[in-house]
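Reviewing the structure listed below.
The values are calculated or read from the model by the stated rules, or taken from the named source; none is laboratory data. Since we're looking at a predicted model, the values are computed, not measured. Every residue, glycine as well, gets a Cβ built from its backbone with ideal geometry; the counts of neighbours run over all protein chains shown. What goes into the accessible areas is simple: the full protein's heavy atoms, side chains included, and nothing from ligands, DNA or RNA. Shrake-Rupley method; radii C 1.70, N 1.55, O 1.52, S 1.80 Å.
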Amino acid sequence: MATLYFTNNADSGDGSLRAAIESAASGDVIQPDPSVFEAGETIEILLDSQLSSSVSLTVRGAGRRIRLNAQQLARIFLTSYAVALTFEDVDFINGSFAQTCGGIFANA
């Protein structure tokens, strides 16, 4: 188990939350880099597509608030029933998906 840090609020690329999720191993914790984001700050990430993970992980604000904004373009998170996800100080807003929920969807 490791702690991974994201260093910007970009939707993708080096230092993004998406990149941290994609590189995470089961049991890892992902949080904002405290040397980049101030305590109490709200970090809004404008998503162009859904996030997904096939491993169990925790995403936490660690003294900051993370706002995942899907901009009515997509669902916010996709995973499977076998994965345990924990979100602390994370808001899901503006998720949209016609066939199922716009927040988190777990499939078999």
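Odds and ends about this structure:
- Single residue of Ser35, Ser26, Ser16, Ser80 found to be among the polar types (S, T, N, Q) and within 23 Å of Asn94 (Cβ to Cβ): Ser16
- Residues (assigned to a loop (DSSP other than H, G, I, E, B) and either small (Gly, Ala, Ser) or open to solvent by less than 40 Å² (accessible area, probe 1.4 Å) (or both)) located in segment 79-97: Ala82, Val83, Ala84, Gly95, Ser96
- Residues that are open to solvent by less than 40 Å² (accessible area, probe 1.4 Å) and assigned to a helix (DSSP H, G or I), drawn from segment 10-31: Leu17, Arg18, Ala19, Ala20, Ile21
- In segment 41-78, the residue that is farthest from Asn9 (Cα to Cα) out of those that are open to solvent by 60 Å² or more (accessible area, probe 1.4 Å) and not in a strand (DSSP E or B) is Ser54.
- A count restricted to segment 64-84 and to residues that are under 10 Å from the mean Cα position of the chain (by Cα) and under 19 Å from Glu22 (Cβ atoms) stands at 4.
- Of all residues in segment 39-85, those satisfying the criterion of being touching a strand residue (DSSP E or B) at 6+ places or on another chain (Cβ under 6 Å), at pLDDT 95 or above and among the β-branched types (Val, Ile, Thr) are Thr42, Ile43, Ile45, Thr58, Val59, Ile66.
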